[in-house]
1. Quick test of your reading of the structure: residue 29 fulfils all but one of (1) in a helix (DSSP H, G or I); (2) loosely packed, with under 15 Cβ neighbours inside 10 Å; (3) modelled with pLDDT of 95 or more. Name the failing condition by number.
2. Could you list, in sequence order, the residues of region 97-114 that are in a strand (DSSP E or B) and farther than 16 Å from residue 13 by Cβ?
3. With 142, 136 as the choices, which residue is surrounded by fewer than 13 Cβ atoms within 10 Å (Cβ to Cβ), assigned to a helix (DSSP H, G or I) and either touching a strand residue (DSSP E or B) at 6+ places or on another chain (Cβ under 9 Å) or modelled with pLDDT under 95 (or both)?
4. Anything in region 43-58 that is in contact with a strand residue (DSSP E or B) (Cβ under 9 Å, 6 or more places away or on another chain), surrounded by fewer than 18 Cβ atoms within 10 Å (Cβ to Cβ) and over 14 Å from residue 109 (Cβ atoms)? List them, or say none.
5. Go through region 73-96 and give me each residue that's in contact (Cβ under 8 Å) with a residue 24 or more places away in the chain, surrounded by fewer than 19 Cβ atoms within 10 Å (Cβ to Cβ) and assigned to a strand (DSSP E or B).
């Protein structure tokens, strides 16, 4: 799908340093998304959902409700543990899920050593134009705040809590 000329929205990059080695930070990201994803960001409302990242190229990032219903958040496009992964981000108007990757942006998550027991985790939100002009501008504005954001802050807290477990 070619980039629409009318939508020129730049990538957004956010970073956070977490208190764990790269392997541990990557493992927490992939194995515990239900802990770091803020409940208000859930696609399946009402609580009790499980959030899963299937650890492989082509795997799904999805939620499974208590009733067995599923909402796919994205598809793994790049899988290079423990350094990097890229996933599609299937959000649409009203920050609700969309059904395909054609209109989904990309999130690349990179894990880089930042000391003996610390990791810099960089999130790059790209191809926002795929959401359509209005939604792309809304997503860009939400992501462009100077602070890391609630998801990244929660991720750092989950890493700190589980660093010694993994």
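1. Looking at each condition in turn, residue 29 falls short on (2).
2. As a first pass, look at region 97-114 and keep what is in a strand (DSSP E or B): 97, 105-113.
If the condition is that a residue be in a strand (DSSP E or B) and farther than 16 Å from residue 13 by Cβ, then 97, 113 are the ones that fit.
3. Checking each option against the conditions leaves just 142.
4. Hits for region 43-58 are 50, 54, 56, 57, 58.
5. Once the filter is applied, which keeps residues that are in contact (Cβ under 8 Å) with a residue 24 or more places away in the chain, surrounded by fewer than 19 Cβ atoms within 10 Å (Cβ to Cβ) and assigned to a strand (DSSP E or B), region 73-96 yields 77, 78, 79, 84, 92, 96.
The values are calculated or read from the model by the stated rules, or taken from the named source; none is laboratory data. All of these numbers come straight from a predicted model, not from anything done at the bench. Please note: Cβ atoms are built from the backbone with ideal geometry, for glycine as well, and neighbour counts cover all protein chains shown.
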